[in-house]
Amino acid sequence: MPIVGTAGHVDHGKSTLVEALTGRDPDRWAEEKERGLTIDLGFAWVRLDEDTEVGFVDVPGHERFIKNMLAGVGALDVALFVVAADEGWMPQTEEHLAVLDLLDVRHGVIAVTRTDLVDQDLLELAMLDIDEHVTGTSLETWDVVPVSAVTGAGLDELRSALIGALGYAGAPPDRGRPRMWVDRSFVISGAGVVVTGTLTGGEVHKNSDMVISPGSHRVRIRGIQSHEQDVDLAAPGSRTAINLVGADIADLPRGSLLTTPEMLAPSRKLLVEVRLVRTADAGLGHRGAYHLHGGTGAWPVDVRVVGGEAIEGTGTALITLPIALAFEVGDRVILREVGRQAVVAGGRVIDPAPAGKLASIAKSVGSLRAVVDAPPDERATVLLQV
């Protein structure tokens with residue numbers, strides 16, 4: 001089942017729109033319902049038509065919860081980018097756009113919400129403003145659909161646009177390399193530890209062995225649920241809940257990775273091809289305090305520019321993590337500056353375990369880019385050629 005993730009400024013109607021489409025309120029916490037403000041990730045699902053069942057990951061729009069937002073957009077297939085017609089482009093609209101663009105999310109729909117609060121002239125101005133802002137980004141070809149979750153106007157058109165975007169995105173690939181970044185973990189009395197996330201890369205089966213990263217703690221899958229249904233296996237792309245044997249809740253905070261034993265190859269260093277956010281007013285250099293966001297986790301990191309003093313536009317950075325983690329070639333990451341509390345760059349991992357000093361690493365960058373540019377199934381062959 002493909003995943004649609006929301007994005008957009010606080011109070012522009014993301015959760016209300018998901019509820020209108022699915023009949024399920026994605027807000028889970030009492031505080032969220034009392035304040036009318038999404039704080040953490042929410043989940044819902046629906047069958048859009050006879051052939052298209054889809055899960056939604058609803059993310060917070062407030063700047064104070066950007067860490068939670070970033071935890072929700074790492075494994076989506078299609079984005080639902082929301083801009084309110086009565087407020088237009090806002091600061092978190094821009095930051096969420098930057099995240100989607102830096103993650104290279106190529107398929108999605110832009111919903112212009114709260115159209116019941118504006119007249120036709122203001123709606124047209126809002127849509128023109130959106131078009132201007134998304135030009136030159138990965139969102140520029142997406143359908144723009146005016147909609148009101150209150151009156152229901154435009155909901156059918158939005159469903160059709162989402163179905164189209166999901167069709168262009170295609171089915172989530174099964175490479176026989178299952179991975180699930182944990183976004184929730186909890187204990188059920190009589191069952192034990194349960195983790196949830198979006199499964200990518202391959203199937204997982206009941207009674208199979210997995211390992212937890214960071215570390216290499218081995219666990220067994222006791223049971224699997226997908227959208228509240230017990231299943232014997234979960235396919236890539238599905239929202240999945242896994243009941244684990246041999247796990248402790250303390251071993252599985254958000255940002256943990258569940259994978260197979262043969263895939264575990266943790267490293268404290270990553271070589272990342274970096275692109276600065278389009279609103280950057282300075283280059284990315286050695287100085288500064290940064291957090292790396294990848295999968296559902298975030299970690300303080302040290303950044304060293306490869307082949308220069310600073311990255312202007314695009315470049316390569318050697319990133320040192322505080323703990324060893326099992327990233328893969330092609331994984332997308334975001335860099336956020338701690339001082340300014342702003343997304344400053346994003347990119348893709350071109351080497352998840354670089355060896356040697358900075359100078360020797362610099363010599364291999366061109367070859368590594370050729371590998372990551374190749375389709376995932378062909379990377380091993382390309383690596384031998386370079």
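The values are calculated or read from the model by the stated rules, or taken from the named source; none is laboratory data. Everything numeric in this text was worked out from a predicted model, so none of it was measured. We place every Cβ from the backbone using ideal geometry, glycine too, and count neighbours over all the protein chains shown. Areas reflect the complete protein model, heavy atoms only, side chains present, ligands, DNA and RNA absent. Shrake-Rupley method; radii C 1.70, N 1.55, O 1.52, S 1.80 Å.
Quick check on my filter: what residues within segment 293-326 are touching a residue at least 60 places away in the same chain (Cβ under 8 Å) and under 27 Å from H96 (Cβ atoms)?
Taking segment 293-326 as the starting set, the residues that turn out to be touching a residue at least 60 places away in the same chain (Cβ under 8 Å) are 293-298, 323-326.
Scanning segment 293-326 gives H293, G294, G295, T296, G297, A298, L325.
Considering every residue within segment 199-207, establish whether at least one is open to solvent by 20 Å² or more (accessible area, probe 1.4 Å) and closer than 23 Å to L321 by Cβ.
For segment 199-207, residues open to solvent by 20 Å² or more (accessible area, probe 1.4 Å) and closer than 23 Å to L321 by Cβ: present.
Out of segment 256-284, which residues are more than 27 Å from T240 (Cα to Cα) and touching a Gly at 6+ places or on another chain (Cβ under 9 Å)?
Initially, segment 256-284 is screened for residues more than 27 Å from T240 (Cα to Cα), giving 268-284.
Scanning segment 256-284 gives L270, V272, E273, V274, R275, L276, V277, R278, A280, G283, L284.
Only one of these is within 18 Å of G308 (Cβ to Cβ), at pLDDT 90 or above and open to solvent by less than 70 Å² (accessible area, probe 1.4 Å): A345, A362. Name it. Steps first, answer last, please.
Working: A362 fails: at pLDDT 90 or above.
Within the list A345, A362, the selection yields A345.
Which one is modelled with the lowest pLDDT, of the residues in segment 150-159 that are open to solvent by 40 Å² or more (accessible area, probe 1.4 Å) and of a type in the set (A, V, I, L, M, F, W, C)? Break it down into steps so the answer makes sense when it comes.
Quick first cut of segment 150-159, residues open to solvent by 40 Å² or more (accessible area, probe 1.4 Å) only: 150-151, 153, 156-157, 159.
When the remaining residues are screened for being of a type in the set (A, V, I, L, M, F, W, C), the result is 150, 153.
Working: V150: 93, A153: 96.
Per the stated criteria, the residue is V150.
Considering only segment 219-239, state which residues are open to solvent by 20 Å² or more (accessible area, probe 1.4 Å), in contact (Cβ under 8 Å) with a residue 60 or more places away in the chain and closer than 16 Å to D183 by Cα.
S226, H227, R239
For segment 245-283, give me each residue that is surrounded by 15 or more Cβ atoms within 10 Å (Cβ to Cβ), outside any strand (DSSP E or B) and charged (D, E, K, R).
D251, R254
Yes or no: R220 in a loop (DSSP other than H, G, I, E, B), under 30 Å from T259 (Cα atoms) and out of contact with any Phe, Trp or Tyr (no Cβ under 6 Å at 6 or more places or on another chain)? Outline the logic, then answer.
Values: in a loop (DSSP other than H, G, I, E, B): no; under 30 Å from T259 (Cα atoms): yes; out of contact with any Phe, Trp or Tyr (no Cβ under 6 Å at 6 or more places or on another chain): yes.
The answer is no for R220.
Could you go through segment 213-223 and let me know if any residue there is farther than 18 Å from V57 by Cα and touching a Ser or Thr at 6+ places or on another chain (Cβ under 6 Å). Give the derivation first.
The initial filter retains those residues of segment 213-223 that are farther than 18 Å from V57 by Cα, namely 213-223.
Checking which are touching a Ser or Thr at 6+ places or on another chain (Cβ under 6 Å) leaves us with 221.
Among the residues of segment 213-223, at least one is farther than 18 Å from V57 by Cα and touching a Ser or Thr at 6+ places or on another chain (Cβ under 6 Å), which makes the answer yes.
Can you name every residue in segment 202-238 that is at pLDDT below 90 and in contact with a helix residue (DSSP H, G or I) (Cβ under 6 Å, 6 or more places away or on another chain)?
H217
Are there any pairs with C-beta distances below 9 angstrom linking a residue in segment 276-292 that is farther than 10 Å from V343 by Cα to a residue that is open to solvent by less than 20 Å² (accessible area, probe 1.4 Å) and assigned to a loop (DSSP other than H, G, I, E, B), with the two at least 6 apart or on different chains, and if so which?
R278/T137
In segment 116-148, how many are open to solvent by 40 Å² or more (accessible area, probe 1.4 Å), within 21 Å of A20 (Cα to Cα) and more than 23 Å from the chain's Cα centre (by Cα)?
Applying the first criterion (open to solvent by 40 Å² or more (accessible area, probe 1.4 Å)) to segment 116-148 yields 116-117, 119-122, 124-125, 127-129, 131-133, 135-136, 140-141, 143-144, 146.
Still in the list and also within 21 Å of A20 (Cα to Cα): 116-117, 143-144, 146.
This time we only want the ones that are more than 23 Å from the chain's Cα centre (by Cα), so: 116-117, 146.
Residues in segment 116-148 being open to solvent by 40 Å² or more (accessible area, probe 1.4 Å), within 21 Å of A20 (Cα to Cα) and more than 23 Å from the chain's Cα centre (by Cα): 3 in total.
Do we find that I242 is in contact (Cβ under 8 Å) with a residue 60 or more places away in the chain, of a type in the set (A, V, I, L, M) and part of a strand (DSSP E or B) in this structure?
Details: in contact (Cβ under 8 Å) with a residue 60 or more places away in the chain: yes; of a type in the set (A, V, I, L, M): yes; part of a strand (DSSP E or B): yes.
So I242 fits the description; yes.
So, in segment 4-42, how many residues would count as being of a type outside the set (D, E) and at pLDDT 85 or above? I'd like the intermediate steps shown before the answer.
Initially, segment 4-42 is screened for residues of a type outside the set (D, E), giving 4-10, 12-18, 20-24, 26, 28-30, 33, 35-39, 41-42.
Still in the running and at pLDDT 85 or above: 4-9, 12-18, 20-23.
Count: 17.
May I ask you to list the residues in segment 176-198 that are among the aliphatic types (A, V, I, L, M) and either more than 26 Å from L233 (Cβ to Cβ) or buried (at least 18 other Cβ atoms within 10 Å of the Cβ) (or both)? Please lay out each step first, then the result.
Initial filter on segment 176-198 (among the aliphatic types (A, V, I, L, M)): 180, 182, 187-188, 191, 193-195.
Hits for segment 176-198 are M180, V182, V193, V194, V195.
Just need a number here: residues in segment 177-217 that are in a loop (DSSP other than H, G, I, E, B) and more than 21 Å from the chain's Cα centre (by Cα).
Step one: of segment 177-217, the residues in a loop (DSSP other than H, G, I, E, B) are 177-178, 189-191, 202-203, 206-208, 214-216.
From what is left, the residues that are more than 21 Å from the chain's Cα centre (by Cα) are 189-191, 206-208, 215-216.
Selection size over segment 177-217: 8.
Just wondering, is there one or more residues in segment 160-175 that are within 25 Å of A324 (Cα to Cα) and either open to solvent by less than 30 Å² (accessible area, probe 1.4 Å) or not hydroxyl-bearing (S, T, Y) (or both)? Break it down into steps so the answer makes sense when it comes.
Let us first name the residues in segment 160-175 that are within 25 Å of A324 (Cα to Cα), namely 175.
Keeping just the survivors that are either open to solvent by less than 30 Å² (accessible area, probe 1.4 Å) or not hydroxyl-bearing (S, T, Y) (or both) gives 175.
Looking for residues that are within 25 Å of A324 (Cα to Cα) and either open to solvent by less than 30 Å² (accessible area, probe 1.4 Å) or not hydroxyl-bearing (S, T, Y) (or both), one finds at least one in segment 160-175, hence yes.
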